[in-house]
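The values are calculated or read from the model by the stated rules, or taken from the named source; none is laboratory data. All values derive from a computational prediction rather than experimental measurement. Here Cβ is always computed from backbone atoms with ideal geometry, including for glycine, and neighbour counts include all displayed protein chains.
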Amino acid sequence: MGAKGDSGVGSARRGPGPAVAAALLLALVLAAGGCGKGESGRRTVVFWQFSPLAAIEPILARFEVENPDLDVQVEQLTWQSGREKIVAAIAAGRPPDLCELGSTFLPGLVADSTLRDLTDQVADLRSALVGWDVSSYRGRAYAIPWMLGTRALYVNDDLMRRAGLDPSKPPATWDELLRAARAITEKGHGAKGFGMSAGEREILFKKFMPFAWGNGGSILDSTLMRAAMESEANLEALRFYLSLKPYSLLERQEMHEEAFTKGRLGIIISGPWLLRKLPESAPELPFTVALMPRPAPGRGTPASFAGAEVLGVFRNSKRPEEALRLARFLTRPENTMPLFVATGNAFPAATASAADSYFVTHPKDRVFLEQLRYAVGPPLHPRWVQIEEIVNAELEEAIYGRKSAEAALASADARINAALAPAP
Amino acid sequence: MSGARGRPFLGIAPWGVFFAVFGLFPLAYAFVLSFLSLNPLRPDLVRWVGFANYERALASPSFWHALRTTAFFVVGTLPVTLTLAYGVAALLSRIRRGETFFRAAIFFPATLSMVVIALVFKSLYAEEGLLNGWLAAVGLPRVHWLQDPSLALPSIMLMDVWASVGYYAILILAARKTLPREQLEAARLEGLSPLTVERRIVLPHVRPVLLFVVLLNTIRSFQIFIEVFVLTRGGPLESTLTLVYHLYERAFYHFEMGYASALAYLLLILVGLVLLAQRRLIGRGAEAAP
């Protein structure tokens, strides 16, 4: 098994400028060494993924034992630069054989027919895995769900207690969330009640849309042909979300997590990775993990954002059959659980994993499993990059008070419809 | 060509090959790309669009917004960096003890990767960061350095000035060191004040280096990218959307490689024009200076 590290964000002092093309060219040259026959005549499968090599290599070693004719050359990407690297490799005509892809990157690849349609080859996996909705477009599967991520509420028990609230009853409805955020801000001795994302536009829809989805709202209509941002459900959700602002710390996600760790933020929305960090960075911090709040008792759902790590095979992959064999192996529960335990970022898409004894001894992780049942992914639409940009921009305008909730959603609706309109 | 005459060319050949492959070729390639509609994911759909990418850029509000932001960055940082670098160099030239230590300390930021610097400043500027901790300690309200649209760009500019001053100060200091000591002593014997010595003797002497510093800083400031990438990603409310970050987004998020290349060439033309203007304005006589 071969392995290459990734240098992450470039260390050059300044940015691309006219050298955007140079990056492509360089990638072409570097990617040229990626394929062929490995030692002792075994065929090499090039696999790019985002997990630390220490976590994935033992799994791949087992695959090589099970498949003695194949040699896996694994490379670790970073979330900061992985997208550019994949794009450059595709442009150079030398993509990896198998690649881990984030669900928000997937629509663009599907739109450009870059990925192979795997529908017929993975039909037998349909019932063994969940998350097909984020990897399918118009009923065809363009990737295989591997790991699924979602976000839930983290509540600081001490701050709840100080605010006169019962930490064993974390906010379950919008009203309870607002009351808790207000009480913590007012009685928390400088602590803020809620973490509202700001200054990182790219994740705003992930933070707001759960409230809208839980209220029955959506970004596009059921035909995926028209925007549905201006709906009453979305408007009610955005008005509620903005009502949290006076009691919120407006910061980036990582700063929310830092403030929560220091006991200066009462409630944040975060992913399972924080469960791994908190025992190390704040072992004394008492906290509860709870489902996202629903609009009201008995109304709506405790929806959250669903992110998926899927495995895709590119159209001009050199070894598609072998790549698919590796993908099938990776998605088996006995291989996804060790990866989840090692990284803690996302949960296995294999349905059988839910019965793993790990979740019996780790109740907070189990909350995320429960949360996944209500998680909603972004629509897999060819124009998703533009749609996402519009939604995030309009949400940012609303959060910064430049537009009312009504105006922001109306503008989002108009702009999305303009983007979806067929070119003249 | 004789062996002896060819030897120097042989010596620079490795650099020449490197420059041709990684400098000239991408430059020419990007120029061709700027006339194409090219999605790197679908190279089979490439088509020639002539000047359409340039026309689109010049009609795009985002381009002009990014240009304004970049211009604000350049105009805001250049005079401050230059003044501070000149002042620091003047102070360093007067230090008699521990000069090496102070020179190294001043130059230190230039040895760091901008990614590292940006990550450090990201922590400093955080709501719970050191700067707000100091403000809170003296009873001042916290400042939303990177979250406030009116403060985000100045905060990045401040970081950039800190990161750049040391490098330019050392360049100016090196130029000052070439000034003959006798000339300075003669001026003092003539009874000239330190300010007059600085204005009449030192400043004209270091003028070519100052011009170099201005040109270099202008080029680097127009190319600002890493700071924005690490700290703000162009936000909040696009208040830090610079030209290079804008073209990066078009290239790698929207896969519009041809359009991004056209933006890059517009930037190149713009920087070229600004450099020409700077040379005309402040460079006159610089080459002739002692």
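Step by step: first the residues of region A:205-241, then only those that are assigned to a loop (DSSP other than H, G, I, E, B) and among the acidic types (D, E), then the one that is farthest from A:E397 (Cα to Cα). Which residue is that?
The selected residue is A:D221.
Here is a list of conditions, (1) over 22 Å from A:Q76 (Cβ atoms); (2) more than 24 Å from the chain's Cα centre (by Cα); (3) not in a helix (DSSP H, G or I), and A:K318 meets all of them except one; can you say which number that is?
(1)
Of all residues in region B:249-260, which are modelled with pLDDT of 95 or more and within 10 Å of chain A (Cβ to nearest Cβ)?
B:A260
Would it be correct to say that A:E84 is among the charged types (D, E, K, R) and within 22 Å of B:Y248 (Cα to Cα)?
yes
Of the residues A:A412, A:A419, which is in contact with a helix residue (DSSP H, G or I) (Cβ under 8 Å, 6 or more places away or on another chain), at pLDDT 90 or above and crowded, with 16+ Cβ neighbours inside 10 Å?
Exactly one of A:A412, A:A419 is in contact with a helix residue (DSSP H, G or I) (Cβ under 8 Å, 6 or more places away or on another chain), at pLDDT 90 or above and crowded, with 16+ Cβ neighbours inside 10 Å, namely A:A412.
From the list A:A181, A:A198, which one is of a type outside the set (D, E) and either out of contact with any Leu (no Cβ under 6 Å at 6 or more places or on another chain) or modelled with pLDDT of 95 or more (or both)?
After applying the criteria, what remains is A:A181.
Could you list, in sequence order, the residues of region A:96-115 that are buried (at least 20 other Cβ atoms within 10 Å of the Cβ), over 16 Å from the mean Cα position of the chain (by Cα), of a type outside the set (A, V, I, L, M, F, W, C) and within 10 Å of another protein chain (Cβ to nearest Cβ)?
Passing the criteria: only A:T114.
Just to verify a result, which residue in region B:172-187, among those that are in contact with a helix residue (DSSP H, G or I) (Cβ under 7 Å, 6 or more places away or on another chain) and not β-branched (V, I, T), is surrounded by the most Cβ atoms within 10 Å (Cβ to Cβ)?
B:L173
List, please: which pairs have Cβ atoms under 7 Å, are six or more places apart or on different chains, and start with a residue in region B:143-158 that is within 11 Å of chain A (Cβ to nearest Cβ) and end with one that is modelled with pLDDT of 95 or more and in a helix (DSSP H, G or I)?
B:W145/B:S155; B:L146/B:A152; B:L146/B:S155
Which pairs have Cβ atoms under 7 Å, sit 6 or more apart or on different chains, and link a residue in region A:239-264 that is away from chain B (no Cβ under 14 Å) to one that is among the aliphatic types (A, V, I, L, M) and part of a strand (DSSP E or B)?
Matching pairs, first to second residue: A:L244/A:M196.
Which ones in region A:51-93 are part of a loop (DSSP other than H, G, I, E, B) and either within 14 Å of another protein chain (Cβ to nearest Cβ) or crowded, with 20+ Cβ neighbours inside 10 Å (or both)?
Passing the criteria: A:S51, A:L77, A:T78, A:W79, A:Q80, A:S81, A:A92, A:G93.
If the requirement is being within 14 Å of chain A (Cβ to nearest Cβ), closer than 28 Å to B:I226 by Cβ and of a type outside the set (V, I, T), which of these qualifies: B:L67, B:L78, B:L41, B:L45?
B:L41
Restricting attention to region A:377-388, which residues are surrounded by 20 or more Cβ atoms within 10 Å (Cβ to Cβ) and assigned to a helix (DSSP H, G or I)?
A:W384, A:I387, A:E388
Could you say whether any residue in region A:268-285 is within 14 Å of chain B (Cβ to nearest Cβ), surrounded by fewer than 21 Cβ atoms within 10 Å (Cβ to Cβ) and outside any strand (DSSP E or B)?
yes
Checking the structure you have, find out if any residue of region A:328-338 is surrounded by 18 or more Cβ atoms within 10 Å (Cβ to Cβ) and within 14 Å of chain B (Cβ to nearest Cβ).
no
Could you check A:E202 against (1) over 25 Å from B:N132 (Cα atoms); (2) within 14 Å of another protein chain (Cβ to nearest Cβ); (3) not in a helix (DSSP H, G or I) and say which number it fails?
Evaluating A:E202 over (1) over 25 Å from B:N132 (Cα atoms); (2) within 14 Å of another protein chain (Cβ to nearest Cβ); (3) not in a helix (DSSP H, G or I) leaves (3) as the failure.
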